[in-house]
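A.B. asks: Sending over a structure as structure tokens; questions will come in a sec.
Here, each number is a calculation from the coordinates, and none is a lab measurement. All figures in this text were calculated on a predicted structure; none of them were measured in a lab. Here the Cβ is made from the backbone with ideal geometry for all residues, glycine too, and neighbour counts use every protein chain on show.
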Amino acid sequence: NSTMPSLRASYEVGLDFLEFLGQRISKTDRNELRDIYNFEFKRFATMTQSHLLSSIWHICFTRFIHMKLRCSQKFQIDVSLLGESYAVEVHYKVHHHGHFPATMYFEFCPEADPPGSAKPFCIVRELEAVVQSGLAETLGPESPYNPKQNRRLRPEKRIVEEGVPPERLSIYLSIYLSICPSVRPSARPPVRPSIHLSISLSVCLSNYTERFHLLLHLEEIQMEVDIKKYDLYGKTMTLDKSNKKLLILKVPGVAENRPSVLRGDTLNVCLSEDRNQPITVYQGYVHRVELDRVKLGFSKKLLQKFVSNMKFDVEFNINRFPIRLQHRAVELAGQHGLGDVLFPSDKGTGHTALPHFSMFNKDLENNPEQKAAVQHILSGTSKPAPYLIFGPPGTGKTVTVVEAIKQVNKSKATTHILACAPSNSACDLLCERLLGYVDGHRLYRLCAPSRDPRTLPQKLKLYSVIVVTLVTAGRYSIRNGHFTHIFIDEAGQAMEPECIIGIAGLLDPEKGQLVLAGDPKQLGPVLRSPLAQLHGLGQSLLERLMKQNALYQKSQDGHSGFDTRFVTKLLRNYRSHPAILTIPNELFYENELQVFANQMEREAFCHWEHLPKKGFPVVFHGVMGKDEREANSPSFFNVTEIEVIVSYLNKLIQTQGKKGLPKLSTNDIGIITPYRKQVEKIRKALNTVAELNKWKDIKVGSVEEFQGQERKVIIVSTVRSSVNYVKMDQDFNIGFLSNEKRFNVAMTRAKALLIVVGNPVILSKDPTWQRFIRYCELEQGYTGFDYKDAEGEEDVVSRLASLKISSDGTQPYVTLSDLKCSYIMCSYDSLRVCV
């Protein structure tokens, strides 16, 4: 039969296409489609070659999609070529909210003489089903994303009119700068070839000062670039009714540190109509920050000419004071001989008998690691090397630090203790836990001038000094080595030069005891400069010592663990249910963490009716959402994930206090997400949904905002739903993908219930997330859409997009070198159906 070769060729082209689908569909689905194809090929074998494949694929796709998506709704795709048109009905029924893309591939073989000599060609159509609620429409983009903004160059020639600082700050600055001239602005080094070499070499004592000077300059340059993005144009100010010497400026985003503005900071304004240089610029000091506005102190010259509706251009400035203190600290580190503290060895360190004493906190008596840490600190076994408390999540790191401070304070009347932390909240916690155990005349809480005294907890107002943030520790100008013991809590969150502020010039380099407490496996300091991050400025002193110094690493035999003369790893977790702890314990803590959380508290949600599996209080809810942006904000949001979060909150409200479940307050729930715009949209949802009115004050924030905190219930929104933005996350150190520390912190905040909402197809590309999702599947904690149906969709699209594009002058087409098709005609007009 003369038609057989061409029939066989057509049949093989179809089989090639099935092979091309690859992993896009499951093995079962491929077999189903192959069976349909074989059946239809036999049925249409008598047709002319021109319509054979098109008819077969018309029916195959219609039947296949009908079987897979269960007929409920339908829409029509017109596939047109050279005057011929084929209508393909796609039937679908979805069970979840979200965005469901599909790539449709049609193959045709034109008539030819002799038959079978023409090569087949293909048409690709993309379609997308979008299923969302009214809430999702409310939360959607307010305007199309437009990253381009008309930014203006700041005028170079200017006359600056000094502003009026807050009263306490003006007194402090005049005194402090007179006794600490080294904190005055430092000149940046000229660019020279040796700079790159200096920051590329590993840090050591000989390059310590120069290296950190360079890295700090890099960070400051990036900070200056970033702050300019918040400049405002044509804005009005109003006169403060309570203080006629202050003007009020509205600054959208200031409550979320966008931009970061603190009391005592300065910003510059000039008249919008003033264009002739030199421009008169009025410097304003921030007297107070209130929600979306700041109160500013300007010179009398501006106040006298100020009238309502006067238009101003506003420039924001970085606060250079912390950076200057870090420059000063790395200078002092060399001058005061801190080599044995920053690069310690075990020379002169022997084994001494540990003291026996009664614990203030009796719970520590039964915890061998916490007790050993306090004993070693009290006996000073590591001096002059720092003593490290390695505290994984929920292991009582701060409790151990507080107990050690109490014991050291009790041991000798001549001790002088400085307790530091990177943040005010961490310092307040230290101070509150010390109250009642340390004589009130010896315990102090010193605050920075930028802190509003009204934000200090009431019971701390009677005290000052001793407990202080690292930056504020730089205000001390006392004799070298005054403090016998310096404790730095949350040391993993501070840049090394920031840590040195609290050490250099304050600690006796030989007799003093430095104690660093933190977890190098959790989030480190937040940096602006990718270059400074790349060369190690984002690494804390704690992490550097544990990674690079043999004293703080496990012994090579693998049995004796850490040398307890220098470091103690806390092992008992007092926070989480074992199911919540399993993956972080496996990935980051060598399965050494032990569950010691209160059984009733940790199992509070084990019988919640909405768990996929009773007794397993971890949920991964798979969502096919979409990364979106709006207006000129570069931050991402995902409304599909917010719909799921609202659904879970409604379920928690309806079931709390019933069937043995605990009553919940806003302080019991936390929502973590890595993008500011998602935080904003979730807060909007909490204020929009009437049923959630009582819970509208639930804390919603980034991972950084939740470090060191815990909640009974934690809900995590991962946001990312497109592989196209994964590289961006890696480059700018945002999001969850490729950031193990951010993953670790987010997963270990929950005590009794952890709900993670995300796109498993995208997240599984990261090995850490892949392990977590696989764990949820194995333990039957996975719910949401069946992501195996969507696996390979991104790969198919990528493969099609990567093929060589040619043109016949009318339609684009793609040459396939690995298939028998001559070309593909691609149409990427997405067909959307909103339900």
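A.B. asks: At GLU365 and GLU273, where each label point lies 7 Å from the Cα along Cα→Cβ, what is the point-to-point distance in nanometres?
C.D. replies: So the two model labels end up 7.9 nm from each other.
A.B. asks: Something else: Just need the Rg to Rh number for region 586-677, please, alpha carbons only, Kirkwood Rh.
C.D. replies: Looking at region 586-677, the ratio lands at 1.04.
A.B. asks: Please list, by residue number, every one of the trypsin sites (Lys or Arg not before Pro) in region 244-330 that is coil in DSSP and has at most 14 other beta-carbon atoms within 10 Å.
C.D. replies: Loop-located and lightly packed - LYS244, LYS245, ARG275, LYS311.
A.B. asks: Taking 2.2 N^0.38 Å as the expected size of a compact globular protein, what ratio does the Cα radius of gyration of region 676-772 give against it, to two decimals? Can you show the working numbers first?
C.D. replies: On the way: Rg = 14.1 Å, N = 97, 2.2 N^0.38 = 12.5 Å.
Here the Cα radius of gyration is 1.12 times the empirical estimate.
A.B. asks: Something else now. Taking amide hydrogens as modeled 1.01 Å from N in the peptide plane, which residues meet the under 5 Å criterion relative to ASP265, leaving out close sequence neighbours?
C.D. replies: Residues meeting the amide H criterion: VAL286.
A.B. asks: In region 643-711, which trypsin sites (Lys or Arg not before Pro) fall in coil by DSSP and have 14 or fewer other Cβ atoms within 10 Å?
C.D. replies: Taking region 643-711 and a limit of 14 other Cβ atoms within 10 Å, the loop trypsin sites (Lys or Arg not before Pro) found are LYS658, LYS659, LYS663, LYS696.
A.B. asks: Just for the Cα atoms in region 578-790, what are the lengths along the principal axes, largest first, rounded to whole Å?
C.D. replies: So the extents along the principal axes, rounded to whole Å, are 46, 44, 36.
A.B. asks: Taking only Cα atoms of region 480-557, what ratio of Rg to Rh do you get with Rh as the Kirkwood inverse-distance radius?
C.D. replies: 1.01
A.B. asks: Mind giving me the FRET efficiency for ASN257 and GLN709? R0 is 25 Å, r the Cβ-Cβ distance, nearest 0.05 is fine.
C.D. replies: 0.90
A.B. asks: DSSP loop GluC sites (Glu not before Pro) in region 650-739 with at most 15 other Cβ atoms within 10 Å of their Cβ, which ones?
C.D. replies: none
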